[in-house]
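The next block holds one structure in the form of structure tokens; read it before the comments.
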There are 2 protein chains.
Amino acid sequence: MFGAEDVRIENVADPRILEPGDAVVAVTRASICGSDLWPYKTMGPSETGRRMGHEAIGVVEAVGPDVGTIRVGDLVAMPFAYSDGTCVFCREGLPTSCVRGGFFGNGAADGAQAEGVRVPQADGTLVVLPRDAGDRLMPSLLTLTDVMGTGHHAAVSAEVGPGKAAAVIGDGAVGLCGVIAAHRLGAEQIILLGRHPDRIALAQEFGATDVVRERGDEAVEHVRELTDGFGVHSVLECVGLDASMETAVTIARPGGAVGRVGVPQSEGMPASLPAFYHNLRVSGGPAPVRAYVDELLPDVLEGIIEPGRVFDRVVGLNEVPDGYRAMNDREAIKVLVEL
Amino acid sequence: MFGAEDVRIENVADPRILEPGDAVVAVTRASICGSDLWPYKTMGPSETGRRMGHEAIGVVEAVGPDVGTIRVGDLVAMPFAYSDGTCVFCREGLPTSCVRGGFFGNGAADGAQAEGVRVPQADGTLVVLPRDAGDRLMPSLLTLTDVMGTGHHAAVSAEVGPGKAAAVIGDGAVGLCGVIAAHRLGAEQIILLGRHPDRIALAQEFGATDVVRERGDEAVEHVRELTDGFGVHSVLECVGLDASMETAVTIARPGGAVGRVGVPQSEGMPASLPAFYHNLRVSGGPAPVRAYVDELLPDVLEGIIEPGRVFDRVVGLNEVPDGYRAMNDREAIKVLVEL
């Protein structure tokens, strides 16, 4: 990405082992993330560009001398953050805060919208997938590298549980995966706040019980009507705008929880004072997707959840620029890149 | 209170039963709260004034026809919020959000810095104390109506637990009770951020293991030095200023929790974006002290905790104006009013 709306496919040097814990992965599938649309909208012109992409599945081509568990030829999934799997935060289930970790596609490590990618901390980062997973499961497996793990994180942070009422703010790919996660964790009522008919239809297939198409005060009023006037126990904030965070706080019932995974637009949090008076818990952040794989992978392999359905467009590597455009124009929910 | 720094003792009509669930309590002990200092500093002139006070112990003088469990003659403690004890939020442990509840001394119900007070929802609100509790325990029992419950709420919200490192921001009465609570809940390290020698000494008797006298960046650096560079698991924010909230977020380690009980100065929360990146949980609010009584009362009665030691000045009703002045000038940590 060389600037806003300026995505190019360039020939660059092949990735190679730089650190003894590295692996090089030949990418077979990657995707475009909603968070990639932020620089797509706002990035200033750059001569060197930024190598994008942080969600991938591929085959291991090379490993460094310190790599122990990952082997050449393994089919692997690559979460959006790399992590050693052994530090204090990894052990506590928060690999996004790994003391030797970092993020793909943001300068620290190159991007995965590419034929190949260098993966630091390969043993801690990569997830070996069953060889016989089959093409049909690939989209859903790919979502475990970010979007499904992120929706799950929103639901976990929002303390979704059996019998509870949950609201999901945002009908993007993360919001849709949030619906899957809320349903999977036993929510009795799942209210989607969104306005795109195709996404709403998918959300309903994923388990949404109610839809609120309004915004702002009208949305708040509608959610209250659906919940005995009290609001929901759990709010999954999957947008990150100030207005959506304000809605999140306002539709949570007293003592409820807001799980936010939409990268916040602002340094400060709006509506923090109402959150205080109602004793809300606000949590969330970059999803520790690597830590969630153990829980979610079996459900994907058994077909219990199908988060891969959020991909509604498949492109080749050369069509990635148009994939950005399509997602930005809301023509596509999420774009899968097949190599 | 008739305006900033204008507290007067006035003769008013005796409290009486207005609703069938009311009780009238003859106050024997009340206190001045840190939160009373906000209007003391900022309130505009008022002709009618505001009847202050929301922490009291007293003897029940009269009960309405619907009152079932509270009897005339009972020695009772009155938490700062009234609540029916039966609504959905009371049952969920959040009486401060009771659908039929409210707060003393803020207009909804009269204040308790008085000879008597009307207590709505008496059955749900009042806590009957053992008749033989004795004068020595009264200050500690009085703290259960607000300040000790609030410190406990900070610790619970900050997820203090055995083996964890906690930091308490603020050496006021709430912060000191936060130290008691963190110690009681098993924190291994308790870092007090404060600068008043007498309060620090008391905090150390209550269980503080370290003291950070600096503020801002220097305080953050010092806390990091004390915690292997990572910060603390639990931050008890007992001030409410933007600067203290920013410190709270900055000294929490990734995946940690901030429990805030200082009424926030601002509508928005500063440092919310760093909180997001480090996956912090931010919670807290008005403490559900009525719900905490069952857990804390036995420890007070057995002398296991002595939160009453935060009272370092005792005044009569006519000296209440000077009590406000003394707390505002930091001459006194907390003032007990004896009638």
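The values are calculated or read from the model by the stated rules, or taken from the named source; none is laboratory data. Since this is a predicted model, take the numbers as computed values, not measurements. Reconstructed Cβ throughout: ideal geometry from the backbone, glycine too, with neighbour counts over all protein chains shown.
Would you check which residues across the stretch B:161-178 are under 13 Å from the mean Cα position of the chain (by Cα) and either more than 26 Å from B:Ser31 (Cβ to Cβ) or aliphatic (A, V, I, L, M) (or both) and list them?
B:Ala173, B:Val174, B:Leu176
Kindly list the number of the only condition in (1) in a helix (DSSP H, G or I); (2) crowded, with 24+ Cβ neighbours inside 10 Å; (3) within 13 Å of another protein chain (Cβ to nearest Cβ); (4) within 23 Å of the chain's Cα centre (by Cα) that fails for B:His233.
Only one criterion in (1) in a helix (DSSP H, G or I); (2) crowded, with 24+ Cβ neighbours inside 10 Å; (3) within 13 Å of another protein chain (Cβ to nearest Cβ); (4) within 23 Å of the chain's Cα centre (by Cα) is unmet by B:His233, namely (1).
Checking A:Ala287 against (1) surrounded by 24 or more Cβ atoms within 10 Å (Cβ to Cβ); (2) over 30 Å from A:Arg136 (Cβ atoms); (3) under 24 Å from the mean Cα position of the chain (by Cα); (4) within 11 Å of another protein chain (Cβ to nearest Cβ): exactly one of these is not met. Which one?
The single condition A:Ala287 does not satisfy is (2).
Has the stretch B:29-41 got at least one residue that is touching a Pro at 6+ places or on another chain (Cβ under 9 Å), under 27 Å from B:Gly316 (Cβ atoms) and small (Gly, Ala, Ser)?
Yes - at least one qualifying residue is present in the stretch B:29-41.
Quick one: in the stretch A:30-67, of everything that is among the charged types (D, E, K, R) and in contact with an Asp or Glu (Cβ under 6 Å, 6 or more places away or on another chain), which residue is farthest from A:Leu336 (Cα to Cα)?
A:Arg51
Please enumerate the residues belonging to the stretch A:236-246 that are within 13 Å of another protein chain (Cβ to nearest Cβ) and assigned to a strand (DSSP E or B).
A:Glu237 - this is the single residue of the stretch A:236-246 that is within 13 Å of another protein chain (Cβ to nearest Cβ) and assigned to a strand (DSSP E or B).
Table: residues versus (1) β-branched (Val, Ile, Thr); (2) at pLDDT 95 or above; (3) crowded, with 17+ Cβ neighbours inside 10 Å; (4) not assigned by TED's automatic domain parsing to the domain that holds B:Asp198.
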| position | (1), (2), (3), (4) |
| --- | --- |
| B:Ser266 | no, no, no, no |
| B:His278 | no, yes, yes, no |
| B:Leu297 | no, yes, yes, yes |
| B:Ile304 | yes, yes, no, yes |
| B:Val310 | yes, yes, yes, yes |
| B:Gly316 | no, yes, no, yes |
| B:Ala326 | no, yes, yes, yes |
| B:Lys334 | no, yes, yes, yes |
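Give me the residue from the stretch B:197-230 that is closer than 30 Å to B:Phe311 by Cβ and of a type in the set (Val, Ile, Thr) and, out of that set, nearest to the chain's Cα centre (by Cα).
Result: B:Ile200.
Among the residues of the stretch A:292-303, are any touching a helix residue (DSSP H, G or I) at 6+ places or on another chain (Cβ under 7 Å), within 30 Å of A:Ala332 (Cβ to Cβ) and within 10 Å of another protein chain (Cβ to nearest Cβ)?
no
Please state which one of A:Val258, A:Val249, A:Val320 is within 13 Å of another protein chain (Cβ to nearest Cβ), within 20 Å of the chain's Cα centre (by Cα) and not hydroxyl-bearing (Ser, Thr, Tyr).
From the options A:Val258, A:Val249, A:Val320, the qualifying one is A:Val258.
Report whether or not A:Thr125 is among the β-branched types (Val, Ile, Thr) and closer than 23 Å to A:Gly259 by Cα.
So A:Thr125 fails the test.
Specify the residue that is farthest from B:Ala30 (Cα to Cα); the eligible residues are those in the stretch B:62-101 that are crowded, with 18+ Cβ neighbours inside 10 Å and of a type in the set (D, E, K, R).
B:Asp84
Residue by residue through the stretch B:1-34, note down the ones that are of a type in the set (Gly, Ala, Ser) and surrounded by fewer than 20 Cβ atoms within 10 Å (Cβ to Cβ).
Of everything in the stretch B:1-34, those that are of a type in the set (Gly, Ala, Ser) and surrounded by fewer than 20 Cβ atoms within 10 Å (Cβ to Cβ) turn out to be B:Gly3, B:Ala4, B:Ala13, B:Ala26.
Being touching a Phe, Trp or Tyr at 6+ places or on another chain (Cβ under 6 Å) and in contact (Cβ under 8 Å) with a residue 60 or more places away in the chain is the requirement here; does A:Leu301 meet it?
Spelling it out, it is not the case that A:Leu301 is touching a Phe, Trp or Tyr at 6+ places or on another chain (Cβ under 6 Å) and in contact (Cβ under 8 Å) with a residue 60 or more places away in the chain.
For the stretch B:83-110, give me the residue count where each residue is touching a helix residue (DSSP H, G or I) at 6+ places or on another chain (Cβ under 9 Å) and more than 14 Å from every other protein chain (Cβ to nearest Cβ).
Within the stretch B:83-110, residues that are touching a helix residue (DSSP H, G or I) at 6+ places or on another chain (Cβ under 9 Å) and more than 14 Å from every other protein chain (Cβ to nearest Cβ) number 4.
Search the stretch A:16-41 for residues that are in contact (Cβ under 8 Å) with a residue 40 or more places away in the chain and pair each with any residue that is of a type in the set (Asp, Glu) and crowded, with 24+ Cβ neighbours inside 10 Å when their beta-carbon atoms are under 7 Å apart and the residues are at least 6 apart or on different chains.
Going by the 7 Å Cβ cut-off, the qualifying pairs are A:Ala30/A:Glu55; A:Ser31/A:Glu55; A:Cys33/A:Glu55; A:Cys33/A:Asp146.
For the stretch A:261-283, enumerate the residues that are closer than 18 Å to A:Gly151 by Cα and either at the interface with another protein chain (Cβ under 7 Å from one of its Cβ atoms) or out of contact with any strand residue (DSSP E or B) (no Cβ under 7 Å at 6 or more places or on another chain) (or both).
Scanning the stretch A:261-283 gives A:Val263, A:Pro264, A:Arg281, A:Val282, A:Ser283.
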